[in-house]
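Chemist: Attaching a single structure in structure tokens format; questions to follow.
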């Protein structure tokens, strides 16, 4: 399993509630020791409840664009995971700029959590209970697969989704079956029960549809950070999924 010892968390809420952190605290199973929170002033109740779970809470105050603050703090602290809780009610143009900045400029895995100002009630399901892993068989997608496998102590159900742009041929189906079997063998060795699903259509929209079809709690996907045509495609897909997904999105660079 991978280790996630330090978590950098930023939220648009002025007074973040414990409900936001409750689902994240499952990461203690992977060695979580410290949460660095970018916030003006969390309540004493929040500090106390996080501490009771054996996790240190470090608060960093500041001003300026949220994406810039996250990127600067990540450069200083080198967190294992960055969590950004973004306001879905905010104008899309401004929100989209934040998402793009974070995806392009962070080297740590990035968890984007959609917010709507109604996070008071905690979910009865864990963050990793139902994971959709979007793949396109690239090196970045394989890296994302290995990262998700490293979370096996947290994952409940893993559904691997591949989206085709057009109806597959017999040859395509044969190749896809071979690739699916390779992934199943990898997951089987790690004692993870994974199912694979194929969709046809626009990639981002079909990934989101799959998350609804399989009642996912999280979408995970790789991101190609190299300067190439593949990067442009990956950026577009990551942005749209992060912008429109009703569930949190984990992006692995």
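A short reminder: the numbers here are calculations on the coordinates, not readings from a lab. Source: prediction; values computed, not measured. All Cβ positions, glycine included, derive from the backbone under ideal geometry; neighbour counts span all protein chains shown.
Chemist: Determine the calculated [θ] at 222 nm for the chain from helices alone, applying -39500 (n - 2.57) to every DSSP H run no shorter than 4 residues and normalising by the residue count; nearest 500 deg cm²/dmol. Before the final figure, lay out each step's value.
Modeler: Working: 8 runs with 98 residues, N = 253.
One gets -12000 deg cm²/dmol as the mean residue ellipticity at 222 nm.
Chemist: A further question on this structure: Restricting to Cα pairs below 8 Å that are 6+ residues apart, what does the relative contact order work out to for the chain? Please round to a whole percent.
Modeler: Working: 451 pairs, mean separation 51.6, N = 253.
Answer for the chain is 20 percent.
Chemist: When Cα extents along the principal axes in Å is calculated directly from the model, which label among (i) 59, 40, 37; (ii) 61, 39, 32; (iii) 93, 41, 32 fits?
Modeler: (ii)
Chemist: Which of rounded, prolate or oblate describes the range 6-115 when judged by the alpha-carbon gyration tensor and an a/c cut-off of 1.5?
Modeler: Details: a/c = 1.72, a/b = 1.39, b/c = 1.24.
In terms of gyration-tensor shape, prolate.
Chemist: With the crude spin-label approximation of a point 7 Å out along Cα→Cβ, what separation in nm comes out for residue 236 versus residue 213?
Modeler: Inter-label distance under the simple model: 2.2 nm.
Chemist: Determine the relative contact order of the range 6-115: mean sequence separation of Cα pairs under 8 Å and six or more apart, normalised by residue count, in whole percent. Intermediate values should be presented prior to the final figure.
Modeler: Details: 161 pairs, mean separation 33.6, N = 110.
This gives 31 percent for the range 6-115.
Chemist: In addition: If I fit a long axis through the Cα atoms of helix 229-244 and take the longest principal axis of the Cα atoms of the chain, what angle between them do I get, 0 to 90°, rounded to 10?
Modeler: The helix 229-244 is inclined about 60 degrees to the chain.
Chemist: So, one more: Counting other beta carbons within 10 Å of each residue's own, what order do 6, 177, 143 fall into, fewest first?
Modeler: 177, 143, 6
Chemist: In addition: State, as an integer percentage, the relative contact order of the range 130-246 based on alpha-carbon contacts under 8 Å between residues 6 or more apart.
Modeler: Working: 152 pairs, mean separation 42.3, N = 117.
Averaging sequence separation for qualifying contacts and normalising by length gives 36 percent for the range 130-246.
Chemist: Does anyone have the angle between helix 139-149 and the longest principal axis of the chain? Alpha-carbon axes, 0 to 90°, nearest 10?
Modeler: Tilt relative to the chain: about 60 degrees.
Chemist: Quick one: grab the alpha carbon gyration tensor of the range 130-246, order the square roots of its eigenvalues as a ≥ b ≥ c, and give me rounded if a/c is under 1.5, else prolate or oblate depending on whether a/b is larger than b/c.
Modeler: Numbers: a/c = 1.31, a/b = 1.13, b/c = 1.16.
Rounded.
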